[in-house]
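Notes for the one structure printed next.
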Amino acid sequence: MKRYTLLILLSLIFLSSCKIGKKYTKTELDMPKMFLNYTDDSTCWADVKWWEIYADTNLQNLIHSTLENNKDMKIATAKVKELAAKKKINYADFFPAVNAKGYAQNEGLNYGGDDYGNDFEFGVKANISWELDLWGNLRWANEANIAEYLSSIEGQRALMMSLVAEVAENYFELVALDNELTIVRQTLKAREEGVKLAKIRFEGSLTSETSYQQAQLEYAKTATLIPDLEKKITIKENEILSLSGSYPKRIERVEAQKNLTLPDSIPVGLPSDLLERRPDVRMAEQQLIVANAKVGLTYTNMFPRIALTTDLGFETDEFATILSSPMFFIGANLLSPVFNMGKNRAKYKAQIAVYEQECYRYEKTVMSAFYDVMNALVEFDKIKEIYEARLLLQQSAKVTMDLAQLQYINGVIGYLDVLDAQRNYFDAQISLSNAYRDKQITMVKLYKALGGGWNE
């Protein structure tokens, strides 16, 4: 009898090595071989550390503070810890659960009212329970949990990548607003001198009152720009500080530079490299693995499940003889779906549909990543032309304004012509400042699109 019992147990353990269901295989994607006209290059700009890309120490400090104190980052970190613990919980299901108990009890009995007696019982027992993984349902559940954990890690990395880019972009916008405010203040000072000059010429009957009033109007219009820009600067500072988990304060930053030279080309790697470089793509793939594992799990749940239970220990009615009174019990429970109106099969079909959704979601994520790079490359290729054109425009506008002011003093042209030249020069200055900002932001977008900014 013992031999048969042993054979049955060995057979069940052998069956527990089976795993039915479709193993996950990487999705085949028909991606382009290269980006635009960029050559096949095994290197990629995204492999450079973010602190080497953003050399400004003020910006580096802001990024470090954001990665350490950003509340969304802290939530993501806690989520990783949660799923790491859950992964361990699920892994424990593979092993027998052992519980122990000791007890002493007394049962009073009185049969028929005239046979009262005490029934003492003492015992020390260990209970062992173990669900056999006959079809792989525990392994599918474990695979799903592992993928969920890895997905949370990739989600944390994707958030880190986004935060690095967001802080850098906001910082460059802040510096650009500072520069715009400087331009406005300089323009306001020039307009103030223009009002004084127009007043002198009006009082000397050298120009009309209209010119004088127009000069005052342009001065007032320029003055209204200052509080609006100061408001934008404060709000932009608050946006950055909110990301970094800090309360309002002044942000240290450099003055706008004019010497940022973009390289002629940047190594961008291959489109297929995005599958490994972009954490958002890797997170989407882990979610696909989760969905596939749950398909296997719902499929195996349609088959019988066997749980073994064993009690080992000592049991007696006299405490003194407890060590000489061994006992054991072994049993097996068969849990098998008999009739549930097709609920388990419906769950299986529903999970297949979920898997299909995740397939399309993964493909969508990959395509979005590809177009992120494509759009960033278009901006990178064109921003240099835009900047050079606006630089030429600003230089021409400056020459035209200086010439107009000289002609006005000599009485060749009217003051309205001077104002037009001043407006053109002001607009050209702002446009050039924005172009320089866009040069910096273009680099941020391309670096992020390629998957840079998360690997430390």
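Since every read-out is calculated from the coordinates, none of them should be taken as a lab result. This structure is a prediction, so every number in the text was calculated from the model and none was measured. All Cβ positions, even for glycine, are placed from backbone atoms using ideal geometry, and neighbour counts span all protein chains on display.
Below, the figures for the structure above:
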item: Partners for residue 125 among lysines (Cα-Cα distance below 23 Å; same-chain residues under 8 apart left out); result: 2, 101
item: Potential lengthening between residue 386 and residue 230 on full extension [0.36 nm per residue; Cα-Cα distance subtracted]; result: 53.4 nm
item: Between the stretch 258-311 and the stretch 371-415, the Cα center-to-center distance that results, in Å; result: 48 Å
item: Spin-label model distance (nm) - residue 182 vs residue 349, 7 Å beyond Cα toward Cβ; result: 6.9 nm
item: Proximal aspartates and glutamates to residue 231, defined as alpha-carbon separation beneath 14 angstrom and excluding residues fewer than eight positions away on the same chain; result: 173, 178, 180, 239
item: Cα-based equivalent ellipsoid, the stretch 396-456: semi-axes from gyration tensor eigenvalues, Å; result: 44, 8, 6
item: Theoretical FRET efficiency, 1/(1+(r/R0)^6), r = Cβ-Cβ of residue 25 and residue 100, R0 60 Å, to 0.05; result: 0.85
item: Descending Cα extents along the principal axes, the stretch 160-228, whole Å; result: 66, 14, 13
item: Fully extended contour minus Cα-Cα distance, from residue 403 to residue 223, at 0.36 nm per residue; result: 62.3 nm
item: Extension reserve of the residue 126-residue 60 stretch, reckoned as 0.36 nm per residue once the Cα distance is removed; result: 17.9 nm
item: Highest to lowest packing among 290-300, 390-400, 136-146, scored as the average C-beta count within 10 Å; result: 290-300, 136-146, 390-400
item: Packing rank of 169-180, 423-434, 404-415, where each peptide gets the mean count of other beta carbons within 10 Å, highest leading; result: 169-180, 423-434, 404-415
item: Pair residue 52, residue 359: separation of 7 Å Cα→Cβ label points (nm); result: 4.0 nm
item: Cβ-based exposure ranking for 402, 93, 133, in which fewest neighbours within 10 Å come first; result: 402, 93, 133
item: Cβ-derived FRET efficiency at R0 22 Å, residue 396 paired with residue 199, nearest 0.05; result: 0.15
